[in-house]
Ligand SMILES: Nc1nc2c(c(=O)[nH]1)N[C@H]1C(S)=C(S)[C@@H](COP(=O)(O)O)O[C@H]1N2
Ligand SMILES: [Mo]
């Protein structure tokens, strides 16, 4: 129904939540749209492009109401490549450490990369004459979720400094085609470098504020709680920018391969304004490492694909990856170091176990 490939791992049909198998992400710097993961908290709204309106309000001198045609006609178009990653990516490895009731067991595939086309949010905020007092910019969508009590529409916010950075888009195209409804069409926010939850789909309202949004998905969900913590408004650490991570995309976990040389590929994703500097791969759980070859960079907001060839001995081998960034940071070794009650932000070393015959 959503024009996705047949082998998607479907966590739920309504709301639709699905990720591709990791091997489907391998070797494509841009993820084909039929392979791109999708994360939804409510039924996907269908909005006629001609009926869509964007309200820009709050701490602005010139509140606006824009049609899609206004966006297209009045502002400079930009296309950029950005990786979207759900904060729940690789929750399954956290779950293996300790239970996480009520959250889906996302694997390695809640990560995908597309070329997004739209206008800079900054240009729209400038047209609205955003006030110097604004510290945050909030987004609202029409999808109503019952995860919040009372029910609420989906929303998020980002600091005004990020909102005024040219890379943050109001996008109406993905991989050169009209944005499908599943991915937020007619228009979504794309916040490159931030967890997927901030990139609000079907955005209908942009509000300049003094404080972060009070929406459930900003104030209560998508926050990193201490291990014995309970979700509550303002509790825990608000998640925004990505942290450094990497994973193996090929071979698949559990694959059977011939003994001898095998190709191993994957991705690495840097946080903030850092870049990927090095990727290490190990066949002995991190005692010794070889350095993978990095593919060409495809943009500052995109993952960096890497590849190497390794000699697999007969039997069971665990292949491990870790990345290093341009600031010299690397990933934590174990998901046990990262377990948190909602299962967010597992950026520990990536692993697959293979059998060579
Ligand atoms: N309106 C709205 N926007 C949303 C969501 C949602 O449920 N509703 N989910 C968020 C989350 S958690 C993620 S990871 C991304 C997923 O985007 P995708 O479905 O295009 O992959 O959308 C974000 N934007
Ligand atoms: Mo997400």
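Being within 16 Å of residue 187 (Cα to Cα) and surrounded by fewer than 22 Cβ atoms within 10 Å (Cβ to Cβ) is the filter here, so list the residues in the stretch 90-118 that pass it. Break it down stepwise before answering.
Within the stretch 90-118, the first condition is being within 16 Å of residue 187 (Cα to Cα), and the residues that meet it are 114-118.
115, 117 - these are the residues of the stretch 90-118 that are within 16 Å of residue 187 (Cα to Cα) and surrounded by fewer than 22 Cβ atoms within 10 Å (Cβ to Cβ).
If you check every pair at least six apart or on different chains, which have Cβ atoms under 7 Å apart with a residue in the stretch 177-193 that is closer than 13 Å to residue 119 by Cβ first and a residue that is within 13 Å of ligand 2 (Cβ to nearest atom) and not in a strand (DSSP E or B) second?
Taking only residues 6 or more apart or on different chains, the pairs are 188/199; 188/200; 188/201; 189/199; 189/200; 190/199.
Within the stretch 209-217, is there a residue that is touching a strand residue (DSSP E or B) at 6+ places or on another chain (Cβ under 6 Å), within 16 Å of ligand 1 (Cβ to nearest atom) and free of Cβ contacts under 8 Å to residues at least 40 places away in the same chain?
No, that holds for no residue.
Does residue 103 fit the bill of being within 15 Å of ligand 1 (Cβ to nearest atom), closer than 29 Å to residue 347 by Cα and at pLDDT 95 or above? Can you show your working first?
Details: within 15 Å of ligand 1 (Cβ to nearest atom): yes; closer than 29 Å to residue 347 by Cα: yes; at pLDDT 95 or above: yes.
Judged against the criteria, residue 103 is a match.
Residue 148 - would you say it is in contact (Cβ under 8 Å) with a residue 24 or more places away in the chain, farther than 17 Å from residue 302 by Cα and buried (at least 24 other Cβ atoms within 10 Å of the Cβ)?
Working: in contact (Cβ under 8 Å) with a residue 24 or more places away in the chain: yes; farther than 17 Å from residue 302 by Cα: yes; buried (at least 24 other Cβ atoms within 10 Å of the Cβ): no.
No; evaluated as a whole, the condition is false for this residue.
If we scan the stretch 166-181, do we find a residue that is over 18 Å from residue 32 (Cα atoms) and surrounded by fewer than 19 Cβ atoms within 10 Å (Cβ to Cβ)?
Looking through the stretch 166-181, at least one residue is over 18 Å from residue 32 (Cα atoms) and surrounded by fewer than 19 Cβ atoms within 10 Å (Cβ to Cβ).
Restricting to the stretch 9-48, count the residues that are crowded, with 21+ Cβ neighbours inside 10 Å and more than 12 Å from ligand 1 (Cβ to nearest atom).
3
Here's the yes/no breakdown for (1) near ligand 1 (Cβ under 9 Å from one of its atoms); (2) in a loop (DSSP other than H, G, I, E, B); (3) surrounded by fewer than 21 Cβ atoms within 10 Å (Cβ to Cβ):
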| position | (1), (2), (3) |
| --- | --- |
| 134 | no, yes, yes |
| 141 | yes, no, no |
| 185 | no, yes, no |
| 192 | no, yes, no |
| 202 | yes, yes, no |
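Scan the stretch 220-235 residue by residue and report those that are within 16 Å of ligand 2 (Cβ to nearest atom) and in contact with a strand residue (DSSP E or B) (Cβ under 9 Å, 6 or more places away or on another chain). Steps first, please.
At the first step, the residues of the stretch 220-235 found to be within 16 Å of ligand 2 (Cβ to nearest atom) are 220-224, 231.
If the condition is that a residue be within 16 Å of ligand 2 (Cβ to nearest atom) and in contact with a strand residue (DSSP E or B) (Cβ under 9 Å, 6 or more places away or on another chain), then 222, 223, 224, 231 are the ones that fit.
Considering only residues that are in contact with a helix residue (DSSP H, G or I) (Cβ under 8 Å, 6 or more places away or on another chain) and farther than 15 Å from residue 164 by Cα, which ones fall in the stretch 207-221?
Just the residues of the stretch 207-221 that are in contact with a helix residue (DSSP H, G or I) (Cβ under 8 Å, 6 or more places away or on another chain), to begin with: 208, 212-213, 217, 221.
Matches in the stretch 207-221: 212, 213, 217, 221.
At least 3 residues that are in contact with a helix residue (DSSP H, G or I) (Cβ under 9 Å, 6 or more places away or on another chain), closer than 30 Å to residue 134 by Cβ and more than 16 Å from ligand 2 (Cβ to nearest atom) in each: list the helices (runs of 4 or more DSSP H) lying fully within the stretch 1-113 that qualify. Give the derivation first.
Numbers: elements: 22-25, 68-74, 91-95.
Result: 68-74.
Can you tell me which of 70, 27 is more than 17 Å from residue 171 (Cα to Cα) and more than 16 Å from the chain's Cα centre (by Cα)? Reasoning before the result, please.
Values: 70 fails: more than 17 Å from residue 171 (Cα to Cα).
27 is the lone residue from the list that is more than 17 Å from residue 171 (Cα to Cα) and more than 16 Å from the chain's Cα centre (by Cα).
The values are calculated or read from the model by the stated rules, or taken from the named source; none is laboratory data. All figures in this text were calculated on a predicted structure; none of them were measured in a lab. As a convention, Cβ positions derive from the backbone with ideal geometry for all residues, glycine included, and neighbour counts pool all protein chains shown.
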